[in-house]
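The next block holds one structure in the form of structure tokens; read it before the comments.
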Amino acid sequence: MANIKKGDLVQVISGRSQARGGDRGKQGKVLEVLVAENRVVVEGINFVTKHVRVGQTQRGTKTGGIETHEASIHVSNVALVDPETKKPTRVGFREEVVTKDGVEKTVRVRYAKKSGKDL
């Protein structure tokens with residue numbers, strides 16, 4: 001089970017500081033998790049400039065040019081944010097037995113380790 005999932009709020013914990021034009025300390029929502037590469041795409045973090053070939057749509061409007069969008073960042077450089085304290089925290093898992101429609105099922109639940117609260 002992954003520590004970070006799509007839609008989680010994360011904070012960049014390493015890299016260049018904001019004062020020097022970096023993203024360390026910024027928080028954003030996870031847009032995509034690239035499991036095979038151990039990377040995540042975070043909203044508003046790690047913008048890159050991409051040159052796209054100029055084309056034309058059927059209506060005649062021009063597309064392409066220079067675009068900026070979020071690039072991926074390694075999962076070790078981000079930490080999950082505790083929803084109550086709004087600070088980065090470590091994540092743990094515990095097993096709970098849930099009864100649904102008379103059937104017991106063991107489920108793994110994520111929780112913030114430092115504060116001990118469920119995520």
Computed over region 1-118: relative contact order in percent, which uses C-alpha pairs under 8 Å that are six or more apart: 20 percent
Three-way shape call for the chain based on the alpha-carbon gyration tensor, with the a/c threshold at 1.5: oblate
Environment charge of Arg90, counting only residues whose C-beta is closer than 10 Å and scoring Lys/Arg +1, Asp/Glu -1: +1
Accessible surface of the chain, 1.4 Å probe, proportion on carbon and sulfur as whole %: 47 percent
GluC sites (Glu not before Pro) lying in DSSP loop within region 68-112, provided at most 15 other Cβ fall within 10 Å: Glu84
Surface per residue (accessible, 1.4 Å probe) for region 18-119, Å²: 74 Å²
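The values are calculated or read from the model by the stated rules, or taken from the named source; none is laboratory data. Everything quoted here is computed from the prediction, not taken from an experiment. All Cβ positions, even for glycine, are placed from backbone atoms using ideal geometry, and neighbour counts span all protein chains on display. Keep in mind that these areas ignore ligands, DNA and RNA; they rest on the heavy atoms of the full protein, side chains included. Shrake-Rupley method; radii C 1.70, N 1.55, O 1.52, S 1.80 Å.
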